[in-house]
Amino acid sequence: ETGVTQSPTHLIKTRGQQVTLRCSSQSGHNTVSWYQQALGQGPQFIFQYYREEENGRGNFPPRFSGLQFPNYSSELNVNALELDDSALYLCASSPGAAQSSYEQYFGPGTRLTVT
Amino acid sequence: QKEVEQDPGPLSVPEGAIVSLNCTYSNSAFQYFMWYRQYSRKGPELLMYTYSSGNKEDGRFTAQVDKSSKYISLFIRDSQPSDSATYLCAGGTSYGKLTFGQGTILTVHP
């Protein structure tokens with residue numbers, strides 16, 4: 001069974017640029033959630049995707065957007081990057097219906113640095 | 001007030017000690033309670049989750065939830081140096097949004 005994978009591992013961008021992060025969910029999982037983890041903090045929920053639709057969103061501005069594909073993989077897009085966007089971005093997949101998607105398994109994350 | 005409060009530590013214990021990690025929460029909508037372990041520069045690893053008040057045991061780990069006082073705990077018995085990591089507690093709602101505490105840094109020294 002393959003776990004959650006994310007790419008790239010590390011990324012350095014300049015303020016104002018756009019970035020796309022990718023996630024492949026664990027085999028058999030149909031729900032994907034994205035989190036932002038600043039240094040020394042716990043992960044913060046960005047949004048969740050189920051059956052290619054956004055199924056809940058945290059307190060993040062619209063410049064954070066996402067997609068889920070028919071194979072359940074997902075992308076996180078961030079436009080107009082700000083210095084405060086520097087963080088570890090985590091993808092988590094979960095089995096079953098969105099209403100029971102608390103059992104989340106995380107990938108290794110993408111470390112984004114904005115200069 | 002944060003929805004989930006967790007003492008960041010750091011917590012340092014000798015090998016073999018019993019470790020107690022604690023969180024409090026304020027959101028009554030939380031239905032699930034999770035514990036994750038995160039090693040440096042890695043993603044969080046799911047250790048245990050519970051749905052109701054009471055205890056749940058898995059090997060050396062015991063998760064405890066007291067919904068009346070909004071208090072959740074993780075106990076680690078016979079702690080090992082390999083248990084050294086950051087431990088994250090989280091509350092979950094029905095549609096799967098997890099709200100995490102800040103994490104407690106644990107070091108188990110030989």
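The values are calculated or read from the model by the stated rules, or taken from the named source; none is laboratory data. Predicted model, so just to flag it, every value in this text is computed and none were measured. Note that we place each Cβ from the backbone using ideal geometry, even for glycine, and neighbour counts take in every protein chain shown.
Inside region A:87-107, can you point out the residues that are modelled with pLDDT of 70 or more and surrounded by fewer than 20 Cβ atoms within 10 Å (Cβ to Cβ)? Result: A:Pro95, A:Glu103, A:Tyr105.
Remark: pairs (first residue in region A:2-30, within 14 Å of chain B (Cβ to nearest Cβ); second residue of a type in the set (Asp, Glu) and surrounded by 12 or more Cβ atoms within 10 Å (Cβ to Cβ); Cβ separation under 8 Å; 6+ apart in sequence or on different chains) = A:Leu21/A:Glu75; A:Cys23/A:Glu75.
One line per residue, one yes/no per condition, for (1) crowded, with 22+ Cβ neighbours inside 10 Å; (2) under 13 Å from the mean Cα position of the chain (by Cα):
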position	(1), (2)
B:Val4	yes, yes
B:Leu21	yes, yes
B:Arg41	no, no
B:Tyr71	no, yes
B:Cys89	yes, yes
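Here B:Asn27 meets each of (1) over 17 Å from B:His109 (Cβ atoms); (2) surrounded by fewer than 17 Cβ atoms within 10 Å (Cβ to Cβ); (3) free of Cβ contacts under 8 Å to residues at least 60 places away in the same chain with one exception, condition (3).
With respect to the conditions (1) more than 9 Å from every other protein chain (Cβ to nearest Cβ); (2) polar (S, T, N, Q); (3) in contact (Cβ under 8 Å) with a residue 24 or more places away in the chain, A:Ser65 falls short on a single one, namely (3).
Could you please find all residues in region A:66-82 being out of contact with any helix residue (DSSP H, G or I) (no Cβ under 9 Å at 6 or more places or on another chain) and surrounded by 16 or more Cβ atoms within 10 Å (Cβ to Cβ)? Result: A:Gly66, A:Gln68, A:Tyr72, A:Ser73, A:Ser74, A:Glu75, A:Leu76, A:Leu81.
Take the conditions (1) within 13 Å of another protein chain (Cβ to nearest Cβ); (2) surrounded by 13 or more Cβ atoms within 10 Å (Cβ to Cβ); (3) within 15 Å of the chain's Cα centre (by Cα); A:Gln41 misses just one of them, which is (3). Within region B:1-32, the residues that satisfy the criterion of being of a type in the set (Gly, Ala, Ser) and more than 16 Å from B:Thr86 (Cα to Cα) are B:Gly16, B:Ala17, B:Ser26, B:Ser28, B:Ala29.
Given the criterion over 12 Å from the mean Cα position of the chain (by Cα) and at negative phi, identify the matching residue among A:Asn77, A:Asn59. Working first, answer last.
Values: A:Asn77 fails: over 12 Å from the mean Cα position of the chain (by Cα).
Answer to the selection: A:Asn59.
What number of residues within region A:6-21 are in contact with a Cys (Cβ under 9 Å, 6 or more places away or on another chain) and surrounded by 15 or more Cβ atoms within 10 Å (Cβ to Cβ)?
Looking only at region A:6-21, we keep the residues that are in contact with a Cys (Cβ under 9 Å, 6 or more places away or on another chain), and these are A:6-7, A:21.
Imposing the further condition that a residue be surrounded by 15 or more Cβ atoms within 10 Å (Cβ to Cβ) reduces the set to A:6, A:21.
So the answer is 2.
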